[in-house]
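Before any comments, here is the structure.
The values are calculated or read from the model by the stated rules, or taken from the named source; none is laboratory data. Please read these numbers as outputs of a predicted model, since none were measured by experiment. In this analysis, Cβ positions are derived from the backbone assuming ideal geometry, glycine residues included, and neighbour counts consider all displayed protein chains. With ligands, DNA and RNA removed, areas are computed over all heavy atoms of the protein, side chains included. Shrake-Rupley method; radii C 1.70, N 1.55, O 1.52, S 1.80 Å.
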Amino acid sequence: MELFSNQVLAGLATGAIYACMSLSIVMIYQAIDHLNFAQGEMAMASAFIAWQLIQWGLPYWVAFGLTIGLSFGAGFAIERSLFRPLADAPVLTHVAGFIALFAIVNSGAGMIWGFTIKEFPSPFGNGQFLGSELLSAHQAGMIGATALLLLSLYVFFEFTRVGLAMRAAVSNPESARLVGVNVSWMIGLGWALAAGIGAVAGMFIAPLVFLEPNMMGGILVYGFAGAVLGGLSSPLGAVLGGFMIGVFENLIGTYVPGAGNQLKLPIALFLIIAILRLRPQGLLGRAFVERV
Amino acid sequence: MSVLPDTSIARNDSTSSIGIRTILLRWSRPLALLVLVLLPLAASDFVTFQLTMLLVYAVALIALNVLTGFTGQFSLGQNAFFGIGGYSAVIVVEHFHLSYLLGIPVAGVIAAIAGILFAFPALRLKGVYLALATFALGTTIPQLLKLDYIEQWTGGVQGMMIEKPMTPLGLPLSQDAYLYYLTLTIALGIYILSVNLLHSKTGRAMLAIRENETAAAAMGVDVAYYKTIAFGLSAAFTGVSGALGAIVIQFVSPDAYTIQLAVAIFLGIVIGGVGWLPGTIVGAAFIVFVPNVAESISKGLSGAVFGVLILLVIFVFPRGAQQVCDRLLGVEHKKD
C-alpha cells in the first residue's frame, strides 16, 4: 500500500508538468479552435529567455515576470503577423503554419543557445518537500503554482469583462461582434495568454528535464493526452487530465511487468485514442454539437 | 470550404485559345512522363538515387491525398504506415529470403491491415481530434519498432540492412537505374489507380464525406465504410512507398520513421496542392531538395530556413503548386 501511495505521489509530481502543458494547449484551443503543435517549442523558447535573463544577473522572480510579459507580447505578435492573415485559409494551411513555427523556433533556439543541456534554477530550492523522499520542493511548488494559475484563469474568465468578451468571441463570433466585442483582438489575446501560460510551464518544467531545444518533444504528446482526457474545452479538466496521465503512467510502469520506459509513449497513444473514442468531449468538456 | 475544386474547372478561354496553353494542357502529362523516363539516362547514380526517392515520396503523397485530399481526413501519422511498409519488405527479404518484388505487395497488405485497424477506433474522430490521434500514432511508432519483444524480427534500435537488388533479365541498366524504373512503374500504377478511384462511386462518396460528413450520411453514404476504405487504401499505398524507400536506401531503423517524416509528407501535400495529384511531384521535390537548399543557405539555421520557406509558400500560394500551375495556364476555378 505504501508503494501504491508513493507511486501516486510521484505520478502527481510528473503530472504537474503535463498539467501545465495541457493548460496552455487548452487555452490556445479555446481561442482559435486549433491545436497549436508549436506550443511546446514556444514554451521552450520562453524558458531559454528566462535562463538568459538570469544569466545576465537578474533575480529569479524578476526574470520570471519579464519572461511572462515578453512571451505574452510574442504570442500576440505571432498571431497578428503570421496567423491573422491566414484566418480564412483551410485548416491544413494552419497546421502547416504551426509546423513552420515549430521548425523556426526549434532551430532558432538551437542557433542562439546551442544544443548542450543547461541547468535551470528552481525558485523553490533544491531540497525535498517537507522531508518527503519522493516529492522535491520544486515539484510541490509546481503543483501549487499550477493550482494558483488555474484559479486566476477561472477568476479572469468568470469575473472580468475581458474574460467574458473572450468567451463570447469563441462561442459565437457573429453575435459577439454585434454586441461590440473586437473578436479579432480577442483571438490575439488568446494567443498571448496561451504563450504566457506556456512560458510558466516552460520555466517550471526546465529544472526537471534540463534546458535544451528538444526538451518538449515527449511532453507535448502527454500534454495533448492530458488535454484530451480532461476535455479540450475545460481548463480545469485539462489540469486534472494532466495529473491523471502522470499518475497513470507511473502506476503502469510499476505494476505492469515489462512496461517500463519502452511502453510509456505507446500507453499515451492508447489513452488518447481510447478517450477520444469513448468520451470525445473528455471528462469535463462540453459535448460538441454541430449545426448543419 | 473546398480543398479540391478539381471538378468545377472553368477554362478562361478567349479567342486565342488554340495557343500554347491548350497544347500545354493537353500534352503536359505525356511530356512529364517522357521527362521522367529520360531523366536517369542523363543523370549520375547519385542523382538517380535522389530522383528515385522523389518518386518514393510522390507515392506517399498520393497516398495521403487519397485520405486528406479526397476524403478530408487528417493524418499526421503517415510515418507509421511508411515504416510498417519498410520493415515488412525488409523482413520478407531478409528473414524469409523471398524476392523483394514479393516484399513490396506484402508491405502494402500489412500496412493496409494496420491502417484499417487504426481506422476502427479513429473513425468517429473529426478534424483536429483525428489530427491528434494520428500525431500520437506517429510519435509512438519509433518506440514500438524499438520494442525488445520483437527485436529478433526488427533488429531493435540498430535497424536492419538489406542488399540492393540486382538488375534482372540482363537488362542493360545500372542497379540504381533499375530501381528508378521499378519505382516509376509502381508510382504510375498507383497514380492511375488513384485517378480512377476519384472518378468511381467510391471516389464520389469520399468527396461527399469531405464536403460535409453529416450531409453525406443523410444522403445514404456509409461514412464509416468509406472512411475505412480511405484509411486502408492510403495506408496500403504508403506501405508500398515505404517498402520502395527501404529497398532504395537499403536500410531500415526506428529513427528513420520519426514524426518528422510524417510532417514532411504532410507539408508535401500542402505545397503540392491538397487533392491535386500532379502536385505530388512538386511536393516530393520539396521534401527531397529543400532541406538541402536550407542547409546550404545556413547550416545552423537550416530548420528555421525550412520553416520560413513553408511560410512563404502558404502566404503567397495557399493552394500550393496547383495555384501556381493554374495561374500559369490561365485556368480559373469557379467560386462556390
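Condition first: of a type in the set (Ser, Thr, Tyr) and surrounded by fewer than 18 Cβ atoms within 10 Å (Cβ to Cβ). Now tell me which residues in the range A:137-163 satisfy that.
Of everything in the range A:137-163, those that are of a type in the set (Ser, Thr, Tyr) and surrounded by fewer than 18 Cβ atoms within 10 Å (Cβ to Cβ) turn out to be A:SER152, A:TYR154, A:THR160.
Quick check on B:LEU182: is it open to solvent by 10 Å² or more (accessible area, probe 1.4 Å), away from chain A (no Cβ under 14 Å) and part of a helix (DSSP H, G or I)?
Yes; evaluated as a whole, the condition is true for this residue.
Please name all residue pairs, on different chains or six or more residues apart, with Cβ atoms under 6 Å, provided the first residue is in the range B:308-329 and is away from every other protein chain (no Cβ under 12 Å) and the second residue is assigned to a helix (DSSP H, G or I).
Listed pairs, sorted by first residue: B:ALA321/B:GLY272; B:ALA321/B:GLY279; B:ALA321/B:VAL282; B:GLN322/B:GLY279; B:LEU329/B:ARG21.
Table: residues versus (1) of a type in the set (Ser, Thr, Tyr); (2) modelled with pLDDT of 85 or more; (3) more than 25 Å from B:LEU137 (Cβ to Cβ); (4) under 16 Å from the mean Cα position of the chain (by Cα).
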{"residue": "A:VAL179", "(1), (2), (3), (4)": "no, yes, yes, no"}
{"residue": "A:VAL183", "(1), (2), (3), (4)": "no, yes, yes, no"}
{"residue": "A:ALA192", "(1), (2), (3), (4)": "no, yes, yes, yes"}
{"residue": "A:ALA195", "(1), (2), (3), (4)": "no, yes, yes, yes"}
{"residue": "A:GLY198", "(1), (2), (3), (4)": "no, yes, no, yes"}
{"residue": "A:MET203", "(1), (2), (3), (4)": "no, yes, yes, yes"}
{"residue": "A:LEU240", "(1), (2), (3), (4)": "no, yes, no, yes"}
{"residue": "A:PHE243", "(1), (2), (3), (4)": "no, yes, no, yes"}
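Applying the selection to the range B:262-289, what residues are among the β-branched types (Val, Ile, Thr), in contact with a Leu (Cβ under 6 Å, 6 or more places away or on another chain) and more than 19 Å from B:LEU36 (Cβ to Cβ)?
Here is the first cut: in the range B:262-289, the residues among the β-branched types (Val, Ile, Thr) are B:263, B:265, B:269-271, B:274, B:280-282, B:287-288.
Within this subset, residues satisfying the condition of being in contact with a Leu (Cβ under 6 Å, 6 or more places away or on another chain) are B:265, B:269-270, B:274, B:280, B:288.
If the condition is that a residue be among the β-branched types (Val, Ile, Thr), in contact with a Leu (Cβ under 6 Å, 6 or more places away or on another chain) and more than 19 Å from B:LEU36 (Cβ to Cβ), then B:ILE265, B:ILE269, B:VAL270, B:VAL274 are the ones that fit.
Name the residue, out of A:GLY110, A:GLY40, A:GLY97, that is open to solvent by less than 20 Å² (accessible area, probe 1.4 Å), over 17 Å from A:ALA195 (Cβ atoms), within 12 Å of chain B (Cβ to nearest Cβ) and not hydroxyl-bearing (Ser, Thr, Tyr). Write out each step before concluding.
Details: A:GLY40 fails: over 17 Å from A:ALA195 (Cβ atoms); A:GLY97 fails: over 17 Å from A:ALA195 (Cβ atoms).
Exactly one of A:GLY110, A:GLY40, A:GLY97 is open to solvent by less than 20 Å² (accessible area, probe 1.4 Å), over 17 Å from A:ALA195 (Cβ atoms), within 12 Å of chain B (Cβ to nearest Cβ) and not hydroxyl-bearing (Ser, Thr, Tyr), namely A:GLY110.
Taking the residues in the range B:145-166 that are touching a helix residue (DSSP H, G or I) at 6+ places or on another chain (Cβ under 7 Å), in contact (Cβ under 8 Å) with a residue 60 or more places away in the chain and of a type in the set (A, V, I, L, M, F, W, C) as candidates, determine which candidate is nearest to B:LEU101 (Cα to Cα).
The extreme case among them is B:ILE162.
Quick one: which of B:LEU125, B:LEU76 is within 14 Å of another protein chain (Cβ to nearest Cβ), without any contact (Cβ under 8 Å) to a residue 24 or more places away in the chain and assigned to a loop (DSSP other than H, G, I, E, B)?
Going through B:LEU125, B:LEU76 in turn, just one is within 14 Å of another protein chain (Cβ to nearest Cβ), without any contact (Cβ under 8 Å) to a residue 24 or more places away in the chain and assigned to a loop (DSSP other than H, G, I, E, B): B:LEU125.
Filtering the range B:86-115 down to residues that are open to solvent by 60 Å² or more (accessible area, probe 1.4 Å) and in a helix (DSSP H, G or I), which residue is farthest from the other protein chains (Cβ to nearest Cβ)?
B:LEU101
So in the range B:143-166, with the set limited to residues that are more than 9 Å from chain A (Cβ to nearest Cβ) and buried (at least 17 other Cβ atoms within 10 Å of the Cβ), which one is farthest from A:ILE99 (Cα to Cα)?
Selected residue: B:PRO165.
Just need a number here: residues in the range B:293-336 that are among the aliphatic types (A, V, I, L, M), open to solvent by less than 20 Å² (accessible area, probe 1.4 Å) and modelled with pLDDT of 80 or more.
Matching residues across the range B:293-336 total 3.
When the range A:224-233 is examined, which residues are found to be more than 11 Å from chain B (Cβ to nearest Cβ) and either at positive phi or buried (at least 24 other Cβ atoms within 10 Å of the Cβ) (or both)?
A:GLY226, A:LEU229, A:GLY230, A:GLY231
Anything in the range B:204-229 that is within 20 Å of B:GLN78 (Cβ to Cβ) and touching a Phe, Trp or Tyr at 6+ places or on another chain (Cβ under 7 Å)? List them, or say none.
Of everything in the range B:204-229, those that are within 20 Å of B:GLN78 (Cβ to Cβ) and touching a Phe, Trp or Tyr at 6+ places or on another chain (Cβ under 7 Å) turn out to be B:MET206, B:ILE209, B:ARG210.
From the residues in the range B:258-269 that are in a helix (DSSP H, G or I) and open to solvent by 10 Å² or more (accessible area, probe 1.4 Å), which one is nearest to the other protein chains (Cβ to nearest Cβ)? Break it down into steps so the answer makes sense when it comes.
Here is the first cut: in the range B:258-269, the residues in a helix (DSSP H, G or I) are B:259-269.
Checking which are open to solvent by 10 Å² or more (accessible area, probe 1.4 Å) leaves us with B:259-261, B:263-264.
Details: B:ILE259: 9, B:GLN260: 10, B:LEU261: 13, B:VAL263: 6, B:ALA264: 9 Å.
Of everything passing the filter in the range B:258-269, B:VAL263 is nearest to the other protein chains (Cβ to nearest Cβ).
Determine, yes or no, whether B:ILE249 is away from chain A (no Cβ under 14 Å) and open to solvent by 20 Å² or more (accessible area, probe 1.4 Å).
Numbers: away from chain A (no Cβ under 14 Å): yes; open to solvent by 20 Å² or more (accessible area, probe 1.4 Å): yes.
Here the answer is yes, as B:ILE249 does meet what is asked.
When you check B:THR238 against the structure, is it farther than 20 Å from B:PRO105 by Cβ and hydroxyl-bearing (Ser, Thr, Tyr), yes or no?
Details: farther than 20 Å from B:PRO105 by Cβ: no; hydroxyl-bearing (Ser, Thr, Tyr): yes.
So B:THR238 does not fit the description; no.
Can you name the residue in the range B:201-240 that is more than 23 Å from the chain's Cα centre (by Cα) and either part of a loop (DSSP other than H, G, I, E, B) or among the hydroxyl-bearing types (Ser, Thr, Tyr) (or both) and, of all such residues, is surrounded by the most Cβ atoms within 10 Å (Cβ to Cβ)?
Step by step, filter the range B:201-240, then rank; the result is B:VAL221.
So that you can scan it fast, the table gives a plain yes or no per residue for (1) open to solvent by less than 10 Å² (accessible area, probe 1.4 Å); (2) part of a loop (DSSP other than H, G, I, E, B):
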residue: A:ALA10; (1), (2): no, no
residue: A:GLY15; (1), (2): yes, no
residue: A:LEU23; (1), (2): yes, no
residue: A:GLY69; (1), (2): no, no
residue: A:GLU79; (1), (2): yes, no
residue: A:PRO85; (1), (2): no, yes
residue: A:ALA89; (1), (2): no, yes
residue: A:PHE102; (1), (2): no, no
residue: A:ASN106; (1), (2): no, no
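Given the structure, is B:THR214 touching a Leu at 6+ places or on another chain (Cβ under 6 Å) and either at pLDDT 80 or above or within 27 Å of A:ILE272 (Cβ to Cβ) (or both)?
The answer is no for B:THR214.
Those residues that are without any contact (Cβ under 8 Å) to a residue 12 or more places away in the chain and within 21 Å of B:VAL274 (Cα to Cα), I need them from the range B:204-226; list them, please.
If the condition is that a residue be without any contact (Cβ under 8 Å) to a residue 12 or more places away in the chain and within 21 Å of B:VAL274 (Cα to Cα), then B:ARG204, B:ASN212, B:ALA216 are the ones that fit.
Restricting the range B:68-88 to residues that are modelled with pLDDT of 90 or more and aliphatic (A, V, I, L, M), which is farthest from the chain's Cα centre (by Cα)?
B:ILE84
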